[in-house]
Amino acid sequence: MTMQLNREGDKLWAIATKKSIGKQLAFILDNRLLHVATVISPVFSGVTVIDRGNDSRQEIEKVKTIIESEQ
């Protein structure tokens, strides 16, 4: 799954990913854990990719749908 962030989100995501290399970041929405991803490298472009890892394509699509519905 790929996500495109706006300018403000881009800056915040760059800071978070730079501080979290080798660690995990959680995607939480409305106090619900949606997904946990391990940060491989900092993201400065505003575009990020969530690898499926151990998750099925259906699970990732569900997370994507939830995130998109909040825009």
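Quick note: the coordinates plus some simple rules give every number you see, no bench work behind them. In this text, all values refer to a predicted model and were calculated from it rather than measured experimentally. Cβ coordinates were reconstructed from backbone atoms using ideal geometry, including for glycine residues, and neighbour counts include every protein chain displayed.
What angle, in degrees between 0 and 90 and rounded to the nearest 10, separates the Cα long axis of helix 57-69 from the longest principal axis of the Cα atoms of the chain? Helix 57-69 and the main axis of the chain meet at about 70 degrees.
Calculated mean residue ellipticity, 222 nm, the chain: -11500 deg cm²/dmol, from DSSP H runs (n ≥ 4) at -39500 (n - 2.57) each, averaged per residue and rounded to 500.
Cβ crowding within 10 Å, taken as a proxy for footprinting-reagent exposure, orders SER20, SER69 from fewest neighbours to most as SER69, SER20. Here the simple spin-label model places points 7 Å from the Cα toward Cβ, and for ASN31 and LYS18 these points are separated by 3.3 nm.
Based on the reciprocal of the average 1/r between different C-alpha atoms, the Kirkwood radius for the chain equals 12.7 Å.
Against the main long axis of the alpha-carbon atoms of the chain, helix 7-19 sits at an angle near 80°.
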